[in-house]
1. Being exposed (fewer than 12 other Cβ atoms within 10 Å of the Cβ) and small (Gly, Ala, Ser) is the filter; apply it to the range 130-172 and report the residue that is nearest to residue 217 (Cα to Cα).
2. Across the range 11-34, what is the number of residues that are touching a Leu at 6+ places or on another chain (Cβ under 9 Å) and closer than 16 Å to residue 126 by Cβ?
3. Any idea which residue in the range 7-40 is modelled with the lowest pLDDT, counting only those that are under 15 Å from residue 111 (Cα atoms) and among the hydroxyl-bearing types (Ser, Thr, Tyr)?
4. Hey, among the residues in the range 117-129 that are hydrophobic (A, V, I, L, M, F, W, C) and surrounded by 12 or more Cβ atoms within 10 Å (Cβ to Cβ), which one's modelled with the lowest pLDDT?
5. Inspect all residues belonging to the range 94-116 and state whether any of them is closer than 30 Å to residue 31 by Cβ and loosely packed, with under 15 Cβ neighbours inside 10 Å.
6. Having 2 or more residues that are of a type in the set (S, T, N, Q) and either at pLDDT 75 or above or touching a His at 6+ places or on another chain (Cβ under 7 Å) (or both) is the bar; report the helices (runs of 4 or more DSSP H) wholly within the range 162-233 that clear it.
7. Go through (1) farther than 20 Å from residue 201 by Cα; (2) buried (at least 18 other Cβ atoms within 10 Å of the Cβ); (3) of a type in the set (Gly, Ala, Ser) one by one and return the number of the condition residue 87 breaks.
Amino acid sequence: MFEFLDVPVSGALFLVDRFAGFIDPVTAPISVAATIVVFTAAVRLLLLPLSRAAVRGEKARAKLLPELKKLQEKHKNDPEKLRAAAADLQRESGTSFFAGCLPSLAQIPFFMVMYRLFAFPTVGGAPNPLLDDTLFGTPLGAHFGSAAGPVFFGLFALLAVVAWVSSRWQAKLMAGNPAPGGALLRLLPFGTLLVAAFVPLAAGLYLLTTTTWTLVERAVLRREPGLTTPVAG
């Protein structure tokens, strides 16, 4: 089903394997695990321009929402007038209700490649060598159900902390501007715990790294000049 990702995943595996070999003399017991973290962070850094564009889009949409709500109330019985007024609003503001969506979508292929690299037992039809390594004695290809122990419990604890902070931050953003399904949005960060329970340890490390990066990245970006307006969602 994911065969179209074989080429980019194989390329990513080559880079990860070479970097792990480079740092192995210094970090031999955890070289592959450390490489997963570094590689994930490096990819997220390369995607930073897209993340900034997505946050700017969210801010632009947030400015339109109050005006859109007024239009919805004003034209609630006339869908045609509502559509025309909404189009005028977007034209006058120079943005749209979909601003920032394209940069977000453009990042998805990179996340798919990284997830496949760290979660699937084979790459290009051959066994995935990354999953043969260990982290403090626990195989990176092991699942929680078969290798529950200190490493997995430590991973879950860190994921829970990141999810809790993300959830509280989400609640703060939505304060005073509640959105439909707000309670569900605050629970979504904890979904990483559920996913980590069913994927290999290597994928769990990837999830921990990328969710931590997302939390820090969005907190920093929203404090940049021109990106400080809170958004709902």
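1. The qualifying residue nearest to residue 217 (Cα to Cα) is 157.
2. Residues meeting the conditions: 4.
3. 10
4. We begin by selecting, within the range 117-129, every residue hydrophobic (A, V, I, L, M, F, W, C); these are 117-120, 123, 126.
Then keep just the ones that are surrounded by 12 or more Cβ atoms within 10 Å (Cβ to Cβ); that gives 117-120, 123.
Working: 117: 95, 118: 95, 119: 94, 120: 94, 123: 90.
Of everything passing the filter in the range 117-129, 123 is modelled with the lowest pLDDT.
5. Looking only at the range 94-116, we keep the residues that are closer than 30 Å to residue 31 by Cβ, and these are 107-116.
Narrowing further to those that are loosely packed, with under 15 Cβ neighbours inside 10 Å: 108-109.
There is at least one residue in the range 94-116 that is closer than 30 Å to residue 31 by Cβ and loosely packed, with under 15 Cβ neighbours inside 10 Å.
6. Helices (runs of 4 or more DSSP H) meeting the threshold: 201-221.
7. (2)
So that you can scan it fast, the table gives a plain yes or no per residue for (1) in contact with a Ser or Thr (Cβ under 8 Å, 6 or more places away or on another chain); (2) within 19 Å of residue 210 (Cα to Cα); (3) of a type in the set (S, T, N, Q):
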residue	(1), (2), (3)
71	no, no, no
75	no, no, no
106	no, yes, no
114	yes, yes, no
119	no, yes, no
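The values are calculated or read from the model by the stated rules, or taken from the named source; none is laboratory data. This is a predicted model, so every value here is computed, not measured. Glycine also receives a Cβ, built like all others from the backbone with ideal geometry; neighbour counts cover every protein chain displayed.
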